[in-house]
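The values are calculated or read from the model by the stated rules, or taken from the named source; none is laboratory data. All values reported here derive from a predicted model rather than from experimental measurement. Because the Cβ atoms are built from the backbone with ideal geometry, glycine has one as well, and the counts that use them run over all protein chains shown. Please note that ligands, DNA and RNA were not included when accessible areas were found on the heavy atoms of the full protein model with its side chains. Shrake-Rupley method; radii C 1.70, N 1.55, O 1.52, S 1.80 Å.
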Amino acid sequence: MPHIQVENRASGVTVITLDRPEKRNAINAAMAVELQDAFERFDQSEQRVVVLTGRGDAAFCGGADVSDMPEFWRVVPNVGIQTDKPIIVALSGWCVGGAMVISMLADLAVASETTQFLYPEAKLGLTGGMIAGLAARIPHKVAMEVMLLGRPLSAQRAYDVGLVNDVVPAGKHLEAAIAMAEELAGFAPMVLATLKRFVNHEIVTLSPAEQAARTAHALRAIDMSADKKEGVAAFLEKRKPRYTGK
């Protein structure tokens, strides 16, 4: 049974929905692979903009499912999710742990007034480290409060410090995010892609964990490639390799 739902709209907007409401849409191992695959299909398609949301109003996402730990890097924008097309998150209810990293690294964010951000990992004794990039995106002291003290951040305060673009009435977050996405879908794709690349690769300072994850992802792609298998086979068979770039 799939853990996500994908809707490709005629407007050029794709809506991807995390679909485990009984688990607050927490991401488990299978769901991480499904989500990464869905974003790869989106990137290769003619669709222009993607909206990522969660089923139900209780939670956008509860972060990683600790009972079935995912490879969370797979679902992090600019790490396991690679696309120059705009990513918008539509948030409602709890946005916890790794889900806050996803929201932080998305291009735009719309939050319902019920949204609460929480990064509790200092209390739990674990972290992947990517949340450190929050200090490059919102005021330093607010970022440290979120990371070190683990205090919830309301939708309104998140808007005030620049973590989200819009705060809308409860239940209106997806509608507002789709409207924003449809506006973007009418703009010049090459311009949007170029500006996004400039910001993500030249302007915003990456945390050490983001840099390490990007490097590991790039090297893993080579390690898993058909060209690597072909190169090893050609060496063992003492023949010229036939590379395909895949």
Q: Give segment 1-40 a look and list any residue that's among the small types (Gly, Ala, Ser) and either open to solvent by less than 60 Å² (accessible area, probe 1.4 Å) or assigned to a helix (DSSP H, G or I) (or both), or say none.
A: 11, 12, 26, 29, 30, 32, 38
Q. Among 228, 172, which is the only one that is among the basic types (Lys, Arg), touching a strand residue (DSSP E or B) at 6+ places or on another chain (Cβ under 8 Å) and farther than 20 Å from residue 63 by Cβ?
A. 172
Q: Would you check which residues across segment 84-97 are open to solvent by 10 Å² or more (accessible area, probe 1.4 Å) and touching a helix residue (DSSP H, G or I) at 6+ places or on another chain (Cβ under 9 Å) and list them?
A: 84, 85, 86
**Q.** Verdict on residue 164 being touching a strand residue (DSSP E or B) at 6+ places or on another chain (Cβ under 6 Å), of a type in the set (Val, Ile, Thr) and either surrounded by 17 or more Cβ atoms within 10 Å (Cβ to Cβ) or assigned to a loop (DSSP other than H, G, I, E, B) (or both)
**A.** yes
Q) Which members of segment 154-185 meet the condition of being free of Cβ contacts under 8 Å to residues at least 40 places away in the same chain and more than 19 Å from the chain's Cα centre (by Cα)? A) 154, 157, 160, 161, 175, 179, 183
Q) Residues of segment 108-146 being part of a loop (DSSP other than H, G, I, E, B), more than 18 Å from the chain's Cα centre (by Cα) and either within 17 Å of residue 76 (Cα to Cα) or not small (Gly, Ala, Ser) (or both), which ones? A) 113, 114, 120, 126, 139
(Q) Looking only at segment 34-90, how many residues end up being more than 13 Å from the chain's Cα centre (by Cα), closer than 14 Å to residue 7 by Cα and of a type in the set (Ser, Thr, Tyr)? (A) 1
**Q.** Test: residue in segment 172-192 that is open to solvent by 80 Å² or more (accessible area, probe 1.4 Å), in a helix (DSSP H, G or I) and farther than 28 Å from residue 13 by Cβ
**A.** no
